[in-house]
Amino acid sequence: MSRSDDHVFPTSWFPDSTSGTVQRWTVPSHRKCNNELGAIEKDVFVRLAMCADRRKVEAFGIGEKALRSLDPGAPGITHRERVHRWVQSEKLWKDIARLNSTTLPGSDGKLIDISADDLYDVAAKIIRGCEYKLGAERIIEPPYALLIQFVREKKLPEEIEQFWAEVIPVNLGPGFQIWRETCEDDPLVVLYRISIWDTVRFFAVVGQQDELEHLV
């Protein structure tokens, strides 16, 4: 199967406040998997961008990028892309305020409907990419697996906040913060905390597959 380089955080997700010196991490990827996930990433990006506070430096320009990506009248695009954007935008507006899957609060007080499966797939791809970059090019494979948890509340329990306060994050510009901590007993067991645009936060555990099954 042919291989290509894939961005851990898609290039369109970087806010306008990102310095040109900030690394845009890339990792090896199967071209077919990359192409299939690309469409999912685009839809997830638009929906998450609707939730971002455009006043925050962490999210400068994100909302505008999302709206431009939906514009069927944009110059220089193909007829096929024009139709795709029209269909995507129509679906988005119909999905707003529906509560049949994972939802995140939008800045206008509405709710943005986001596929829980798509959100999980994108988050898993980000974690796998981060572990490749930060874990000596590690590929997560059996007997290890991923468990991801999304957080809606702004404030975490005090003991969890205290734990993560002692971990120094990796910053990819103002838009992305990555906290990573390994387990003392098994350095292949890894905890992650990810913040995107100071809006979307999720946690992940890379651990023994049989042990993670007991946590679900």
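Looking only at region 1-35, which residues are in a helix (DSSP H, G or I) and either within 16 Å of the chain's Cα centre (by Cα) or modelled with pLDDT of 95 or more (or both)? If the condition is that a residue be in a helix (DSSP H, G or I) and either within 16 Å of the chain's Cα centre (by Cα) or modelled with pLDDT of 95 or more (or both), then THR11, SER12, TRP13, ASN34 are the ones that fit. Taking the conditions (1) part of a helix (DSSP H, G or I); (2) at pLDDT 90 or above in turn, PRO72 satisfies each one other than (1). Scanning region 126-161 for residues that are small (Gly, Ala, Ser) and under 20 Å from PHE9 (Cα atoms) yields GLY129, GLY135, ALA136.
Of everything in region 36-58, what is of a type in the set (D, E, K, R) and either on the phi > 0 side of the Ramachandran plot or in a loop (DSSP other than H, G, I, E, B) (or both)? Give them in sequence order.
Matches in region 36-58: ASP53, ARG54, ARG55, LYS56.
Just one of the numbered conditions (1) at pLDDT 85 or above; (2) part of a helix (DSSP H, G or I); (3) within 30 Å of ARG138 (Cα to Cα) is not true of ARG85: (3).
Sub-8 Å Cβ pairs linking a first residue in region 16-28 that is more than 21 Å from ALA66 (Cα to Cα) to a second residue that is in a loop (DSSP other than H, G, I, E, B) and not hydrophobic (A, V, I, L, M, F, W, C), at least 6 apart or interchain, are VAL22/GLY173, ordered by first then second residue.
Among the residues making up region 126-158, those that are free of Cβ contacts under 8 Å to residues at least 40 places away in the same chain and over 25 Å from ARG24 (Cα atoms) are GLU153, LYS154, LYS155, LEU156, PRO157, GLU158.
One line per residue, one yes/no per condition, for (1) within 30 Å of LYS94 (Cβ to Cβ); (2) in contact with a strand residue (DSSP E or B) (Cβ under 7 Å, 6 or more places away or on another chain):
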| position | (1), (2) |
| --- | --- |
| ASP113 | yes, yes |
| ILE126 | yes, yes |
| TYR132 | no, yes |
| GLU137 | no, no |
| GLN162 | no, no |
| ALA165 | no, no |
| VAL170 | no, yes |
| ASP198 | yes, no |
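Selection within region 47-64: residues that are surrounded by 19 or more Cβ atoms within 10 Å (Cβ to Cβ) and among the charged types (D, E, K, R). The member of this set that is nearest to the chain's Cα centre (by Cα) is ARG47.
I'm trying to understand the selection: among the residues of region 17-46, which are acidic (Asp, Glu) and surrounded by fewer than 14 Cβ atoms within 10 Å (Cβ to Cβ)? Of everything in region 17-46, just one residue is acidic (Asp, Glu) and surrounded by fewer than 14 Cβ atoms within 10 Å (Cβ to Cβ), namely GLU36.
The values are calculated or read from the model by the stated rules, or taken from the named source; none is laboratory data. This one's a predicted model, so the numbers in the text were calculated from it and none came from an experiment. Glycine gets a Cβ as well: all are built from the backbone with ideal geometry, and neighbour counts include every protein chain shown.
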